[in-house]
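Computed from the coordinates by the stated procedures, all read-outs in this text should not be read as laboratory data. Here the structure is a predicted model, which is why all the values come from computation and not from measurement. Glycine gets a Cβ as well: all are built from the backbone with ideal geometry, and neighbour counts include every protein chain shown.
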């Protein structure tokens with residue numbers, strides 16, 4: 001399974017756009033890129049998933065360049081409630097369980 | 001998405017005892033997994049719970065320590081056996097409803113061993 005590298009932590013002020021970049025140099029042809037959010041005392045919650053180019057939903061956008069060796073999760077206008085750990089995962093979207101990296105701890109400051 | 005319920009949500013146990021954690025899903029799912037999250041750490045996959053057969057364990061985890069059952073498509077249990085303080089963690093159940101959907105997680109069982 002492809003290994004991912006992301007910043008350990010990030011700080012942002014409320015109302016700003018936050019971009020978290022994840023590197024996955026060994027991504028395989030069949031692999032999808034999935035991002036999860038985890039609050040304390042809760043299980044990870046699915047945010048967004050993509051294969052290439054750009055994916056957008058009501059929560060976030062995911063940008064994937066043509067070589068797919070990295071991806072960027074974009075959170076528009078963050079609020080204090082977006083303070084959480086964000087995990088980037090790469091794997092085949094089939095029956096294979098996800099393997100978690102260390103994640104990025106995002107702290108949103110008022 | 002599937003609703004996943006884990007019981008108990010937390011427990012405090014004595015060293016040397018065993019605890020069984022239950023994972024109940026409100027709909028049939030294709031795959032069920034168990035993860036462990038040690039304090040301040042990321043999630044580590046323990047095993048894949050296979051319906052009607054022995055679970056598939058990841059490196060570093062063995063059946064004698066973490067026996068798993070999955071009697072049907074909506075239920076699984078994980079037992080943490082002969083517990084020691086090093087087993088103090090959050091144990092999370094995760095499911096795949098089908099191959100085209102993302103994995104979903106329960107809120108975990110917070111286990112403390114004294």
Label model pair residue A:26, residue A:54: point-to-point distance (7 angstrom along the Cα→beta-carbon line) in nm is 3.2
Which order do the peptides A:77-86, B:39-48 take when ranked by the mean count of other beta-carbon atoms within 10 Å per residue, highest first?
-> B:39-48, A:77-86
Counting only C-alpha contacts under 8 Å and six or more residues apart, can you give the relative contact order of segment B:20-114 as a whole percent?
-> 31
Log entry: pair-distance distribution for segment B:1-45, C-alpha pairs binned every 10 Å from zero, whole % per bin is 19, 45, 31, 5
What is the mean number of Cβ atoms from other protein chains located within 10 Å of the Cβ atom of each residue in peptide B:33-43, rounded to a whole number?
-> 3
Stokes-Einstein D in µm²/s, Kirkwood radius over Cα pairs - segment B:53-93 at 10 °C with 1.306 mPa s viscosity = 139
Per 10 Å bin, what percent of the C-alpha pairs of segment A:26-106 does each bin hold, from zero upward?
-> 17, 52, 27, 3
Within the set A:34, A:21, A:56, GNM on chain A using Cα springs under 10 Å gives the largest fluctuation to A:56
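So for segment A:1-92, averaging the separation of alpha carbon pairs under 8 Å that are six or more residues apart and normalising by length, what relative contact order in percent results? Could you put the intermediate results ahead of the total?
Numbers: 203 pairs, mean separation 35.0, N = 92.
Contact order relative to length: 38 percent.
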Mean per-residue count of partner chain Cβ within 10 Å for B:106-112 equals 2
Just need the Rg to Rh number for the protein assembly as shown, please, alpha carbons only, Kirkwood Rh.
-> 0.98
With Rg and the Kirkwood Rh both taken from Cα atoms, where does Rg over Rh land for chain B?
-> 0.95
Taking Cα pairs closer than 8 Å and at least 6 residues apart, the relative contact order of segment A:47-110 in percent is 23
Restricted to the protein assembly as shown, the DSSP antiparallel beta bridge percent, nearest 5, is 90
